Amino acid sequence: MYKWFLFLLPLLFVATSCQEPASLPVLSKEQTPEGETVYKTIPDFKFVDQDSQFVTPGTFAGKAYVADFFFTSCPTICPIMAKNMLQLYEHYENEDQLLFLSHTIDPLRDTVEHLKTYAQNLGVTDQRWRFVTGHKDSLYAIADDYFNIVVEDATLPDGFDHSGRFVLVDQDGYIRAYCNGTNKEAVTAFQKDIENLLHEMENATTDQ
Amino acid sequence: MRWKTPLLISSLFSLVLWVSCRDDPYKQGRILYQNFCASCHMDDGTGLQGVIPPLAHADYVAQNQGKLACIIRYGMEGEVVVNDTIYNQEMAGIPQLTDFEITNIINYINHSWGNDYNYMQYADVKKALEECKP
């Protein structure tokens with residue numbers, strides 16, 4: 001009699017503990033002096049992409065996007081980031097709920113024309129992946145909001161110090177996940193977060 | 001009896017050499033490549049499509065062995081065609097590498113990822129670098 005019970009108990013435990021993956025928490029938040037948590041969206045921005053189109057939060061309304069910061073002449077972490085981002089971009093070829101946004105942090109050299117050439121060379125000819133430029137101050141300021149730290153440092157080999165993060169932003173502008181864009185394993189794990197968010201977005205629309 | 005000790009020592013030495021080199025025959029070149037080249041040309045030599053040319057199975061590498069040393073030291077700019085793709089992104093040279101280090105890198109590239117090109121001689125690298133000195 002007892003033997004059956006011992007056998008069933010672990011099975012019962014496993015059956016009840018296997019759930020759907022938890023929803024991605026909102027990462028962009030801060031504590032008020034009173035101790036309250038305030039969730040923050042990516043603030044308003046206005047940049048110009050490789051096709052000379054303005055890119056604002058409105059460009060991504062209702063869609064999730066992956067953002068990073070780079071510059072075309074960067075010889076250190078940017079090529080591997082571009083390679084990993086390209087892989088995501090190609091993987092989600094038919095996903096119309098996910099877009100990609102790369103900001104240059106070297107607007108002086110990365111003109112619209114230069115970004116267009118870069119995008120074309122990479123094989124990006126549609127509007128799913130925007131390469132944007134704008135005022136240096138605005139680009140640097142918004143980088144802070146995306147968790148990336150962009151600081152000019154003349155002592156470094158490429159002159160800029162910046163984090164190689166990929167940041168996942170949801171349809172309302174909240175940051176939901178991030179990873180080290182230079183690390184292939186991290187980006188593969190990040191893809192699971194993207195799937196999680198896309199699944200959440202899908203269910204949100206059908207629940208209405 | 002006198003031959004036994006030298007024989008033992010030389011056998012041991014050969015064994016040590018063989019064990020340390022067999023999996024990593026171009027170790028110096030590999031380390032240099034990973035430190036100076038891999039960030040752009042990638043650890044697996046595949047580059048970044050359309051932007052940074054590959055070195056693995058690259059026809060340009062196979063056909064331009066004599067130019068490699070100068071490219072590594074002084075960089076290159078302008079259009080270059082590799083495996084039927086046009087690349088036009090400036091490559092920065094790495095001036096701090098010695099002739100010997102450049103030789104090691106070339107030999108690593110020539111024998112990695114399925115590449116099987118010739119063994120680059122130090123003398124040839126030295127000569128080429130003399131000639132392309134600005």
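Laboratory data are not the source of any read-out in this text; all were calculated from the coordinates shown. Bear in mind the structure is a predicted one, so any value in this text is a computation, not a measurement. Glycine gets a Cβ as well: all are built from the backbone with ideal geometry, and neighbour counts include every protein chain shown.
Details
- Remark: the Cα gyration tensor places region B:26-131 in the rounded category, a/c being less than 1.5.
- Environment charge at A:THR59 (Cβ cut-off 15 Å; Lys +1, Arg +1, Asp -1, Glu -1): -3
- Local net charge near A:THR125, Cβ-Cβ under 11 Å (Lys/Arg +1, Asp/Glu -1): 0
- Hypothetical label at B:ASP44: residues of region A:163-207 whose amide nitrogen lies under 15 Å (7 Å Cα-Cβ projection): A:183-188
- Using a simple spin-label model with pseudo-atoms 7 Å out from Cα toward Cβ, A:LYS3 and A:LYS136 lie 7.9 nm apart.
- Partners for B:LYS127 among lysines (Cα-Cα distance below 17 Å; same-chain residues under 8 apart left out): B:LYS67
- Legend: residue pairs A:LYS63/A:LYS184; A:LYS83/A:LYS136; A:LYS46/A:LYS184; A:LYS29/A:LYS63; A:LYS136/A:LYS192, Cα-Cα distance threshold 22 Å; pairs beyond threshold, A:LYS63/A:LYS184; A:LYS83/A:LYS136; A:LYS46/A:LYS184; A:LYS136/A:LYS192.
- A full extension of the chain between A:TYR39 and A:LEU27 corresponds to an added length of 3.5 nm, given 0.36 nm per residue minus the alpha carbon distance.
- Environment charge of A:THR41, counting only residues whose C-beta is closer than 11 Å and scoring Lys/Arg +1, Asp/Glu -1: -2
- Three-way shape call for the protein assembly as shown based on the alpha-carbon gyration tensor, with the a/c threshold at 1.5: oblate
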